[in-house]
Structure formats: structure tokens, C-alpha cells
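Right, one structure below, let's go through it.
The values are calculated or read from the model by the stated rules, or taken from the named source; none is laboratory data. Small disclaimer: the values here were computed from a predicted structure and weren't measured. Virtual Cβ from ideal backbone geometry, glycine too; neighbours counted across all protein chains shown. The accessibility values were calculated without ligands, DNA or RNA, using every heavy atom of the protein model including side chains. Shrake-Rupley method; radii C 1.70, N 1.55, O 1.52, S 1.80 Å.
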Amino acid sequence: WTYWMGEVINSPVIDADGKIYVTTSESPDVYCLNGNGSFSWSYRNYSSYISCSPAIGDGGKIFTSSYYGVFVYNSDGAFDWSYRAGSYVYSSSAIGGNGEIYAGAHDNRLYCLSSHGTLKWSYIAMGDVDSSPAVGVDGAIHVGSDDYNVYLINSDGALQWSYTTSGYVFSSPATDPQ
């Protein structure tokens, strides 16, 4: 099957029920398709361009990021809440073990939001945080930055360590479950 929805530059995600969630960059919409490819719902995100893959959190909530922050939808397509970051958010959100949401932004910050959308903390890097964060089994957050560093941030927002690379870090870190 195929379903036309505009330009898709991000990876879709699939929930436990087989529903497929996709973001488009042209319109900026969030789409939900049934496992057989038929339309379930869409939501027009009037904020602007969506440049990330969605993430699925507790209760089937769908998390997306856009130029203006993090946006959350219920699994039925209803808008739940949003958080406006200090600048563009290009990274996909990562969901922590306690339901925290992590996203990087062009204001040099890694944001940690509660599951209800309030700011818990932010870590300031020396460059834009375009890399999508990865959460380790210990709850620590791995993320890269345009300042040539990969960071490991504790779940309380404190820096554990950083490693300087030879260039911008756009790609997302991978964590080892060991």
C-alpha cells in the first residue's frame, strides 16, 4: 500500500497496536495511519516545519518537535500540550523512564520536560543541540552539539562528562544497555 501525505524526511514510528505515526515537512502535519495503510487521523501543526521523527510515550502520547518547540498529541489525534523552546527544535524527542521528555534546540540547550509539559531543567552547551538525545538504562542522557562535543548529562541535568570530536555532532548517539 501507499499513502500520499507530502514530503516525508523523517522515520515513522509504529505503536504496539500497529498504528503508524509520520510527520511531514511540507505541510507541517502529524499523520496516523492504520496498520493496513488507511487514514486514521492527522493534526495540522500550525507552528511550522517539522524536522524530526515522532516519539511514542506513556499512554500512547505522540511527541513531535518543530521550529517552535515540543508538541504532544493523544493517540486519538487530539492536541494535548506544547512547550515553546527558546529557539528552533530540530531534534526528535527522547522519552525517559519516568516519562520525562528530552529535546535539543538552537538556543544551545538540552531541555528536560515533565510528562505534563513543564520545564524540569535545561543544560546549556556551547553550540546548537541538533542531535536527538538518547536515554541510557541509568537515565543519563547522551546528546551531541554543534560545539563538536558529545555530552553525557545525568538525569538531574548535571554534566557527567563531555568528549570533543573533530566536527559538528548532528547524529544521534546510541547507548549500550550493558
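Heavy atoms of the protein chains alone define the surface here; on that basis the stretch 92-136 has 37 Å² accessible area per residue at 1.4 Å probe size. In plain terms, the chain from residue 58 to residue 74 could stretch by 4.7 nm, reckoned as 0.36 nm per residue minus the Cα-Cα distance. In terms of its alpha-carbon gyration tensor, the stretch 84-175 comes out oblate; a/c meets the 1.5 threshold, while b/c is at least as large as a/b. Calculate, for residue 7 and residue 34, the FRET efficiency according to 1/(1 + (r/R0)^6) with r their C-beta to C-beta distance and R0 25 Å; round to the nearest 0.05. Efficiency at R0 = 25 Å is approximately 0.70.
Shape class of the stretch 43-132 from the Cα gyration tensor (axes a ≥ b ≥ c, square roots of the eigenvalues): oblate, since a/c reaches 1.5 or more and a/b does not exceed b/c.
Couplings 3J(HN,Hα) of the stretch 142-148, computed from phi: 9, 7, x, 9, 5, 8, 6 Hz, in residue order, whole Hz [Karplus 6.51 cos²θ - 1.76 cosθ + 1.60, θ = phi - 60°; x for Gly and Pro]. Can you classify the stretch 1-100 as rounded, prolate or oblate using the Cα gyration tensor, where a ≥ b ≥ c are the square roots of its eigenvalues, rounded means a/c under 1.5, and otherwise it's prolate if a/b beats b/c and oblate if not? The shape class here is oblate. Ligands, DNA and RNA left out, the accessible area of the stretch 54-178 computed with a 1.4 Å probe is 48% carbon and sulfur.
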